[in-house]
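Inspection log for the structure reproduced underneath, given as structure tokens.
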Amino acid sequence: SSRRKLRSAASESAVYKSMITGAYRNAQPVSISNGDISVMAYIDANIARGDLNAPQLMYSVYNKSNNTWSEPLAVDNNETIDQAPYLYTDGRDIYLTYSDAARELTETDTLDDYARLRSVAVAKFNAETGKFDSPQIVAAADNSDKSTPKISVINGTPTLMWRTNSNGDYFGTSGTNSLMISRCTGGVWSKAEEFAAESTAVTDFEIGEIG
């Protein structure tokens, strides 16, 4: 079919280039472009921080002038585990959100201990510096679990959403599982509000405008 021929032609003409070698096994790579700036983010293993705290969020920016990616930079400067990077653009601004642990993990910590340490962080890309600004903690760690944050711009307002479990249950099998939401106005993120609640585990969700 013509569709199959087009797919075959695209495959034959595509050029694949390694961006990272020796990548961390749980790299969780994400990338995005606003049409002018292209950014990739991923989890690397910083072994200097020890096995438990090794996962570190890094990012690289594409340079169109010489067809190269910049040397990766860390998103934050703490020593705690990063997870679940998520990139979004509204066609102009670029945002990065992720889970950031409140302290370093120890050998005695359980998965639920880690869940209760997770906070929601977000950073905005600064086109003038070519880097992400320092991340803001939108929802600090407490006794609940906060995971897989996602961001969108809805009606012109940057909006964050994430999953939470009231018991700090990593797998969400007890307590109340909720979707929480926060909106940014004038550079200030609002106090988190409950958007929806379930007794069963919330495995995934999407955020954005329809139409």
- request: Take every Cα pair under 8 Å in region 74-160 that's 6+ residues apart, average their separations, divide by the length, and report that relative contact order as a whole percent.
  value: 30 percent
- line: Computed, not fitted: 222 nm per-residue ellipticity of the chain from DSSP H runs ≥ 4 (each -39500 (n - 2.57)), nearest 500, equal to -2500 deg cm²/dmol
message: Need the list of lysines near LYS131 for cross-linking: C-alpha distance under 30 angstrom, and skip anything on the same chain fewer than eight residues off.
response: LYS17, LYS64, LYS146, LYS150, LYS191
- prompt: So what's the net charge close to ASP113: Lys and Arg +1, Asp and Glu -1, counting the other residues with Cβ under 15 Å from its Cβ?
  reply: -3
query: If you build a Gaussian network model of the chain, linking Cα atoms that sit under 10 Å apart, which residue out of SER199, SER18, SER147 swings the most?
result: SER18
- request: At 7 Å along the Cα-to-beta-carbon direction for both LYS64 and GLU128, put a label point, then send me their distance in nm to one decimal.
  value: 2.1 nm
- line: Farthest towards the positive end of the dipole of the chain, among TYR114, TRP69, THR80 and with Cβ unit charges of +1 on Lys and Arg and -1 on Asp and Glu, lies the Cα of TRP69
query: Which angle between 0 and 90 degrees, to the nearest 10, do you get for helix 2-13 versus the longest principal axis of the chain when only C-alpha atoms count?
result: 90 degrees
message: For TYR114, TYR16, TYR170, give me the order by solvent-accessible area with a 1.4 Å probe, most accessible first, ignoring ligands, DNA and RNA.
response: TYR16, TYR170, TYR114
statement: Taking r as the C-beta separation of THR200 and ALA45 and R0 as 45 Å, the FRET efficiency to the nearest 0.05 is 0.85
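Going by average Cβ neighbours within 10 Å, how do the peptides 91-97, 173-179, 29-35, 106-112 rank, with the highest at the top?
On the way: 91-97: 18.6, 173-179: 16.4, 29-35: 14.3, 106-112: 10.9.
Peptide ranking by packing, descending: 91-97, 173-179, 29-35, 106-112.
Does region 60-211 classify as rounded, prolate or oblate by the C-alpha gyration tensor (a ≥ b ≥ c root eigenvalues; a/c under 1.5 gives rounded; else a/b over b/c gives prolate, otherwise oblate)?
Numbers: a/c = 2.18, a/b = 1.38, b/c = 1.58.
The shape class here is oblate.
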Contour excess over end-to-end distance, with Cα ends at GLU193 and LEU52 and 0.36 nm allotted per residue: 47.6 nm
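So if we plug the beta-carbon distance of ILE137 and ALA74 into 1/(1 + (r/R0)^6) with R0 = 22 Å, what FRET efficiency do we get, rounded to 0.05? Could you put the intermediate results ahead of the total?
On the way: r = 16 Å, r/R0 = 0.73.
So the FRET efficiency works out to roughly 0.85.
The values are calculated or read from the model by the stated rules, or taken from the named source; none is laboratory data. If you're wondering where the values come from, they're calculated on a predicted model, not measured in any experiment. Cβ coordinates were reconstructed from backbone atoms using ideal geometry, including for glycine residues, and neighbour counts include every protein chain displayed. Ligands, DNA and RNA are stripped out before the accessible areas are found, and what is left, the full protein with its side chains, is counted by its heavy atoms. Shrake-Rupley method; radii C 1.70, N 1.55, O 1.52, S 1.80 Å.
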